[in-house]
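Working notes, structure below.
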Amino acid sequence: MQILDGNIVSKHLRAQVQEEVAQRKAAGKKIPHLAAILVGNDGASMTYVGAKEKDCHEVGFHSTVLRFDASITEAELIAEVEKINNNSEIDGLIVQLPLPKHINEKRITETISWEKDVDGFHPMNVGLMFKGLPCFLPATPFGIIKLIEHYQIETSGMHCVVIGRSDIVGKPMSAMMLQKNCTVTICHSKTKDLTSFTRNADIVIAALGIPGFLNGDMIKDGAIVIDVGITRVADATKKSGFALKGDADYESCATKAAWITPVPGGVGPMTRIALLLNTLHAVKA
Ligand code: NAD
């Protein structure tokens, strides 16, 4: 069994981005600038935005975080997004989700100019992705593709089972694996006899948010297991009081898999680097 190491690969890609930014600086070209909108004070959202800001600084991007009170109206937030759409200094914009209940997330996502939509959530980018045309790809599945490519994993003709059909992971992941010439099966909460699919899969991508769901009995020998799940589980032995658990039961899957992503240190760091790659792409477009 071999590890698909997201820490190592993301570090390698980060150095490439850093180098490209340095070259742009030396040549007097525009430095990528990512803006993030954060509404309210949800702890997890603040952590995610903080990490994205830190990532930007590390590679030499400019970053701006616009913080708004949870009482902001939908119309006011739309006006703020439009201001950024029209600001030529800013190349990429993300609106951290979830938003307060009185704001329609779909309307906000669709207000972001698709040319600055580095999260790849705008319907224009979703359509381009399904057609296999250049676009911003959602960070998590894009990061997984980068990981697979780094390790030169053969995907052509492989049967890939994606568990989960969310707009941010499962659905775009299946489109991207199809683009990589896999035969793709999408399983979800209504799938009957899910194990009959996973046992026949060359590649299993688990993105359902149930810790330890995929176990060794559910995969075939030599399978490639990509674990997207990250769930906080109480753990008294940790200083923080919790541990991060993936959707795969690592111990039992590792005994049969040819390749596996650990949690943490697999898909998570790849998601972060993918957003930086999209932002770099935005300034070049
Ligand atoms: P989601 O809740 O939006 O979607 C979960 C999907 O799993 C749904 O489509 C549902 O049909 C399916 N599902 C639920 N129960 C199932 C079952 N018993 N059998 C089969 N399918 C089932 O979640 P999401 O946003 O796609 O995220 C999934 C997981 O990935 C979560 O743990 C999340 O925290 C994690 N995640 C990790 C990263 C990362 O960077 N590592 C990024 C995004 C999401």
Do you know which residues across segment 33-85 are assigned to a helix (DSSP H, G or I), closer than 17 Å to A282 by Cβ and open to solvent by less than 40 Å² (accessible area, probe 1.4 Å)? D55, C56, V59, V81, I84, N85
Would you call R24 closer than 17 Å to G268 by Cα and in a helix (DSSP H, G or I)? no
Which members of segment 214-271 meet the condition of being open to solvent by less than 30 Å² (accessible area, probe 1.4 Å), assigned to a strand (DSSP E or B), out of contact with any helix residue (DSSP H, G or I) (no Cβ under 7 Å at 6 or more places or on another chain) and in contact (Cβ under 8 Å) with a residue 24 or more places away in the chain? I224, A248
What number of residues within segment 202-213 satisfy the criterion of being open to solvent by less than 40 Å² (accessible area, probe 1.4 Å), touching a helix residue (DSSP H, G or I) at 6+ places or on another chain (Cβ under 9 Å) and either of a type in the set (S, T, Y) or in a loop (DSSP other than H, G, I, E, B) (or both)? 2
Residue tally, condition touching a helix residue (DSSP H, G or I) at 6+ places or on another chain (Cβ under 7 Å) and touching a residue at least 24 places away in the same chain (Cβ under 8 Å), over segment 192-201: 1
What are the residues in segment 147-183 that are surrounded by fewer than 23 Cβ atoms within 10 Å (Cβ to Cβ), within 11 Å of the ligand (Cβ to nearest atom) and part of a loop (DSSP other than H, G, I, E, B), if any? R165, S166, D167, I168
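The values are calculated or read from the model by the stated rules, or taken from the named source; none is laboratory data. Here the structure is a predicted model, which means the values were calculated and not measured. Virtual Cβ from ideal backbone geometry, glycine too; neighbours counted across all protein chains shown. Keep in mind that these areas ignore ligands, DNA and RNA; they rest on the heavy atoms of the full protein, side chains included. Shrake-Rupley method; radii C 1.70, N 1.55, O 1.52, S 1.80 Å.
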